[in-house]
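Taking it in order: structure first as structure tokens, then the write-up.
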Amino acid sequence: MRAVLPALVVLAVAAPASAGAPRRAGLVVWPARTTLVAGSSATLHVANHTRATVTLSVRTMGLALDVRGAPRLVRSSPGTALVLVRTRRVVVAAGAVGSVSLRATASRPLAAGDRPALVLLTARSAGGAGIGVQVRIGVPVEVRVPGAVRRRLELGALRVRRRMLELIVRNRGNVAERVGGGSVVVEVWRGPRRLATLRPRPRDLFPHAAGLVEFRLPGRVHGRVRVVAHLVAPTSGRRGFSVVL
Amino acid sequence: MRHRHLLLVPLVIALLCASSAAHAAGGSSSLVIAQLYASGGNSGATYANDYVQLFNRGTSSVDLTGWTVQYASAASTSWSPTALSGTIAPGRAYLVQLASGGTNGTALPAADATGTSNLAATGGKVAVVNNATPLACGATAGSCAGSAGVADFVGYGTAADFEGAGAAPAPDATSAIARAAGGCTDTDSNTDDFSSVAASPINSSAAAAPCSGGGGSSSAFASASVRLQIQSVIAIALGQPTLDFGGLAAGATAPPINESVTVTSNDTAGYTLTAHRTAFSPRDLPLGLSATAPAGGSLGAGISSTVLAALPIAPAADLTIGSTSAAAPASGDVWATKIGFIGPLPSVPAGQYTATVTYTVIPR
């Protein structure tokens, strides 16, 4: 393996980072997330806006979401084994842009739908005296196996936590969904009067997964109310709840 | 657009159509073909699949039960239908994913319906039909537009049939053809209503963009719609690459060292910032972290700005410093962290002790 490594080293081309790269400090990666159809490929770009050459190691990992949608790095998830990283090590000179090629394999027949994975880029510490500090950037990758797409969200229970409404939403489809204001809204009613219409903090929901979608309550709303959750897209539906705020 | 400088870079610009809606024809359907892409998967393709994007330019929802999108090649009268389902609310899009001609290009947004029609890049005909019966028209100009059940019809490129005076232009590997005014214009003339734009598919989850005054209304002004596709970007920068506590005696209490971590992300769902460390060599020392969240950020469980929380040693799970649930400001979110020792230094052999702290950022 050691002998192979030098062949995998890609010295970033001497394109200045200003040529097409976002102007940010430090390390910049784009796209920050991507969807790959099985059998297709994509390129991640890395701009080095530090003052030193950066060596990046690249590997595939698993990606999980906690109940509130926060990403968590895990060893493996359904799409991990399907993502091939062609460039394991990238050296990006100061002010330059490097690239990382990804490919989604399609070696065996799989059921249609999305499978999450994560490509992890680690900037090696320069070393030296003291405690070295390094950074990693995780790029979520959805591997999409072609076939019939099923998009279906379902509303579950609602609970109140501090000044937040937490609504359970289940993804019964086979593709990942971004659940935001275009997907679900809740209305807070007291009698015939609508007190508020709330849009959620956007979050992702993987296929066949459930999670909490959070709505921040306005401070003025207290007491017993009726909350009506409306599913707008990709499927429609509604559910009512009686809660005390 | 708070991130203009950040976001203007990796973009595909598509601009379309200055159009006049003054010629809206009577009898035009509220459900129209808004965009069409025919090079999916081909060499140099932006997207991996062909697609047809529908749009409801009317003022009421359309139930698609029993409806189909049908395709026939340029001169053919043999049509292949793709079944549709669900409803389209006013101002909403509906994405129909079709065949792929190869392995190039990125995936489409999640489609609302899928089919196997392989659209020819040079020319063809697409119809939206309110039933599932394959059409039998298309050999001559104007033959399909009046056929029973046809809600909208587009002939492009070398198509023998089209609405109005001529066919729409042919799309290519990176371009789709799109209906003017974001799908609102329908003058029943394919050559007037469609132009070439950078392919930019959207599905039913995209925000509604109703047509002003309802579909098909006349107006005395011209309008131009501008569409950008902005890529997601994430950036992380450290205040300093190494933290040096200098010479310390066993039993000493060293003040923590500041390490600022600046994160920039245009993901509207935000990101999560975590940390872990390696063990000190030659013997481990108890390292911890405290942090202050930026505006709009929230600290992870067990993290505070005053008390150091133990930094886990890999491969243990990372310590969550905090997260955000919105795009970061253009200047980035600055997480003011402190790295220090939890309590006095233990009695360990003299020597140089080194470790590595790793900060990890992942979009939500």
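Between B:P329, B:S298, A:A70, the Cα set farthest toward the positive side of the dipole of the protein assembly as shown (charges on each charged residue's Cβ, about the Cα centre) is that of B:S298. Between A:R88 and any residue 5 or more places off or on another chain, the built amide H atoms are never under 5 Å apart.
Net charge dipole, chain B: roughly 700 debye, given to the nearest 20, about the Cα centre with Cβ charges of +1 for Lys and Arg and -1 for Asp and Glu.
Inter-label distance, B:A132 to A:A111: 2.4 nm, where each label sits 7 Å from its Cα along the C-beta direction. With a Förster radius of 41 Å applied to the C-beta separation of B:T253 and B:A295, the computed FRET efficiency comes to 0.80. Amide H to amide H distances under 5 Å link B:S260 with B:G239, B:Q240, B:T337, where only residues 5 or more positions off or on other chains count and H is placed in the peptide plane.
Each residue of the stretch B:65-78 was assigned a 3J(HN,Hα) from its phi angle through the Karplus curve 6.51 cos²θ - 1.76 cosθ + 1.60 (θ = phi - 60°); the sequence is 4, x, 7, 9, 9, 10, 10, 9, 5, 3, 10, 7, 10, 9 Hz, with glycine and proline shown as x. How high is the FRET efficiency between A:S76 and A:S242 when r is their beta carbon distance and R₀ equals 25 Å, given to the nearest 0.05? According to the calculation, E is roughly 0.05. In a reduced charge model with +1 at each Lys and Arg Cβ and -1 at each Asp and Glu Cβ, the stretch B:234-363 shows a dipole moment near 200 debye about its Cα centre.
Amide H contacts of B:G270: B:A326, B:A327, B:R364, each under 5 Å away and 5 or more positions distant or on a separate chain (H built 1.01 Å from N in the peptide plane; Pro and chain starts excluded). Just want the answer: with Cβ charges of +1 for Lys and Arg and -1 for Asp and Glu, which residue in A:G191, B:A350, B:V154 is farthest toward the dipole's positive end in the protein assembly as shown? It is B:A350. Computed from backbone phi, the HN-Hα couplings of the stretch B:33-42 come to 7, 9, 8, 9, 10, 10, 10, x, x, 6 Hz, rounded to whole numbers (Karplus: 6.51 cos²θ - 1.76 cosθ + 1.60, θ = phi - 60°; Gly and Pro given as x).
The fraction of all Cα pairs in the stretch A:153-244 landing in successive 5 Å bins from 0 to the largest distance is 3, 14, 28, 26, 15, 8, 4, 1, given as whole percents.
Its relative contact order, with pairs defined as Cα atoms under 8 Å and 6+ residues apart, puts chain B at 19 percent.
Each of B:C137, B:C184, B:C211 has some number of other Cβ atoms within 10 Å of its Cβ, and from fewest to most they run B:C137, B:C211, B:C184.
Per-residue ellipticity at 222 nm, computed for chain B from helices alone with -39500 (n - 2.57) per DSSP H run of at least four residues, works out to -500 deg cm²/dmol. Hydrodynamic estimate: the Kirkwood radius of the stretch B:82-225 over Cα pairs, inserted into Stokes-Einstein at 25 °C and 0.890 mPa s, corresponds to D of 151 µm²/s. Once the Cα-Cα distance is subtracted from the 0.36 nm per residue extended length, the B:S43 to B:T116 segment shows a gain of 24.4 nm.
Extents of the stretch B:234-363, largest first, come to 50, 26, 25 Å (Cα atoms, principal axes, whole angstrom). As a ratio to 2.2 N^0.38 Å, the alpha-carbon radius of gyration computed for the protein assembly as shown takes the value 1.07.
Values of log10 I(q)/I(0) for the stretch B:156-207 across q = 0.13, 0.14, 0.25, 0.26 Å⁻¹ run -0.33, -0.38, -0.97, -1.01, by the Debye formula with one identical scatterer at each alpha carbon and no solvent. Note on B:Q352 and B:A317: their simple-model spin labels are 3.6 nm apart, each label 7 Å out from Cα toward Cβ. Secondary-structure-derived ellipticity at 222 nm for chain A, considering helices only, amounts to 0 deg cm²/dmol, per-run term -39500 (n - 2.57) for DSSP H runs with n ≥ 4. Both numbers refer to the Cα atoms of chain A; Rg and Dmax are 22.2, 74 Å. Given +1 at the Cβ of Lys and Arg, -1 at the Cβ of Asp and Glu and no other charges, the dipole of the protein assembly as shown around its Cα centre is 2120 debye to the nearest 20. Remark: chain B is approximated by an ellipsoid whose semi-axes, taken from the C-alpha gyration tensor as √(5λ), come to 59, 20, 16 Å, largest first. With a simple spin-label model that places each label point 7 Å from the Cα along the Cα-to-Cβ direction, the separation between B:A148 and B:A208 comes to 3.4 nm.
Bear in mind these aren't lab numbers, they're just calculated from the coordinates by the rules spelled out. From a predicted model like this one, the values you see are computed outputs, not experimental measurements. When we count neighbours, we look across all protein chains shown, and the Cβ atoms used for this are built from the backbone with ideal geometry, even at glycine.
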